[in-house]
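Participant: Below is a structure I'd like to ask you about.
Here, each number is a calculation from the coordinates, and none is a lab measurement. The shown structure was predicted, so the numbers you read here are calculated from the model rather than taken from an experiment. Heads up, the Cβs are rebuilt from the backbone with ideal geometry, glycines too, and the neighbour counts pull from every protein chain shown.
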Amino acid sequence: MVILGRQGSGKGTQSGRIAERYGCVHLSTGDVLRAAVAEGTELGQQAAGIMNAGGLVGDDIMIPLVQERIGKDDVVAGGVLLDGFPRTAEQANGLEAMLAGLGQALTIAINLDVPVEEVTHRMMARGREDDTEEAIVRRLGLYDQETAPLLDWFDERGLLVSVDGLGEEDDVFARLEEVISSRLA
């Protein structure tokens, strides 16, 4: 499974609940990077160098890191919920190929849909130092620009389901559970 959504949409919160409910591994891009750096793998060292220099880790490192992680026993046994990967159609192609190599396929891509005004309000309310209005607008604009082609990619394959991310946490989870359970049935 893949979960998509703007920053502040509640992806992290809902991903934890989905992983617990369905017995899969919740894998965020940040977790993959931190684990690889901590393990000191060759890819982890390359990623650390890029991140320490303030750069973004490219597909040439990110795709093999994800591939390494999703090949591990816990993911093979219980499945995975990817959060923050793929971010581009190129990464989605890489994911599709690596899953096929494991005899697996994507089941569903969930777009947790929360309007820009609401996620902006949520992020401003968090009070984080880097959550200035200007920074939030920039990050959300970049997300929309990068993610629109990805949503099309999933939609063309019949994998995309949009779920309303507004409302109480339990209500949003109930909507997520409904679409996931129907897809897994």
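Participant: Give, in nm to one decimal, the length gained when the segment between ALA38 and ASP155 is fully stretched (0.36 nm per residue of separation minus the Cα-Cα distance).
Facilitator: Value of the extension gain: 38.5 nm.
Participant: Treat each spin label as a single point 7 Å out from the Cα along the C-beta direction, and report the ASP171 to GLU129 distance in nm.
Facilitator: Computed distance between label sites ASP171 and GLU129 equals 3.6 nm.
Participant: Report, to two decimal places, the Cα Rg of the chain normalised by 2.2 N^0.38 Å (N = number of residues).
Facilitator: For the chain, the normalised Cα radius of gyration comes out at 1.02.
Participant: Using Cα pairs closer than 8 Å and at least 6 residues apart in sequence, work out the relative contact order for the chain, in percent.
Facilitator: RCO, the chain: 31 percent.
Participant: What number comes out for the charge environment of TYR22, summing +1 per Lys or Arg and -1 per Asp or Glu over other residues with Cβ under 12 Å away?
Facilitator: +1
Participant: Can you compute the charge dipole magnitude of region 49-178 about its Cα centre, using +1 on each Lys and Arg Cβ and -1 on each Asp and Glu Cβ, nothing else charged? Give it in debye, rounded to the nearest 20.
Facilitator: Here the size comes out at about 460 debye.
Participant: Just to confirm my numbers, what's the Cα centroid distance between region 116-183 and region 14-73 in Å?
Facilitator: 21 Å
Participant: While we're on this one: Looking at the chain as a GNM with Cα springs under 10 Å, which of VAL137, VAL119, VAL163 has the largest mean-square fluctuation?
Facilitator: For the chain, modelled as a Gaussian network with Cα springs under 10 Å, the answer is VAL137.
Participant: Taking 0.36 nm per residue of sequence separation and subtracting the Cα-Cα distance, how much length would be gained by fully extending the chain between THR88 and ILE50, in nm to one decimal?
Facilitator: Gain on stretching THR88 to ILE50: 11.8 nm.
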